[in-house]
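Reviewing the structure listed below.
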Amino acid sequence: VEHDPAMIVLAKELKLYEPFPLPAIVEEDAGAYVASSTEKYDLIAVDLFRGGEPSQLLLDTDFLSALKNQLEPGGVLLINVADSEDYLLAASKHFAHSEKWKFRFNHLGMFWN
């Protein structure tokens, strides 16, 4: 899910997904998509930023609950928050299990039930 059409064009031009096929890209606001989607996923990767800060959606209880509900049993939610590790605490309150780690400049969280 990508809200910026320029980023979709860039993704297609750079072809960083190769040698795999281009993943399906939905042009929509992530909050609106998550609120309305009935899809279920084994893995959800969240990398939402407004400028250099993680999106406030990562603190929104409804958004986090909707993400949790879209996971298949045994599914995993991954969240990148760059250097704003405190955003991971909000997500951890919605899941029975979580792990956090740092890779280069990014703090990452993995959440599951």
Once both labels are modelled 7 Å past Cα along the beta-carbon direction, what's the Ala32-Arg50 spacing in nm? 1.6 nm
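Taking 22 Å as R0, compute the FRET efficiency from the Cβ-Cβ separation of Asn106 and Ile8 and round it to 0.05. Walk me through the intermediate numbers first.
Working: r = 22 Å, r/R0 = 1.02.
The formula returns an efficiency of 0.45 here.
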Largest first and in whole Å, give the semi-axes of the chain's equivalent ellipsoid, each being the square root of 5 times a Cα gyration tensor eigenvalue. 22, 17, 15
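Rounded, prolate or oblate for the stretch 65-113? Axes are the square roots of the Cα gyration tensor eigenvalues, ordered a ≥ b ≥ c, and the cut-off for rounded is a/c under 1.5.
Numbers: a/c = 2.28, a/b = 1.91, b/c = 1.20.
The shape class here is prolate.
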Charges on Cβ only, +1 for Lys and Arg, -1 for Asp and Glu, centred on the Cα centroid of the chain; of Val76, Leu48, Ala6, which one is farthest towards the dipole's positive end? Val76
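So which trypsin sites (Lys or Arg not before Pro) in the stretch 1-65 are both in a DSSP loop and have at most 13 other Cβ atoms within 10 Å of their Cβ? Walk me through the intermediate numbers first.
Working: sites: Lys12, Lys15, Lys40, Arg50; in loops: Lys15, Lys40.
Here the trypsin sites (Lys or Arg not before Pro) that fit, given the DSSP loop and packing criteria, are Lys15, Lys40.
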Counting other Cβ atoms within 10 Å, which chymotrypsin sites (Phe, Trp or Tyr not before Pro) in the stretch 35-111 have at most 15 and lie in a DSSP loop? Phe105
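Rolling a 1.4 Å sphere over the protein heavy atoms, what is the accessible area per residue of the stretch 60-113, to the nearest Å²?
That works out to 58 Å² per residue.
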The long-range amide H neighbours of Tyr41, using H built 1.01 Å from N in the peptide plane and a cut-off of under 5 Å, are Leu71, Glu72
Computing the accessible area with a 1.4 Å probe over protein heavy atoms, can you report the carbon and sulfur percentage for the stretch 9-99? 54 percent
Which GluC sites (Glu not before Pro) does the stretch 1-68 hold that lie in a coil by DSSP with at most 16 other beta carbons within 10 Å? Glu28, Glu39
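The values are calculated or read from the model by the stated rules, or taken from the named source; none is laboratory data. Not measured: the values here are computed from a predicted model. A quick note on method: Cβ atoms are made from the backbone with ideal geometry, for glycine too, and the neighbour counts reach across all protein chains shown. Remember, those area values only see protein heavy atoms, side chains included, never the ligands or the DNA or RNA. Shrake-Rupley method; radii C 1.70, N 1.55, O 1.52, S 1.80 Å.
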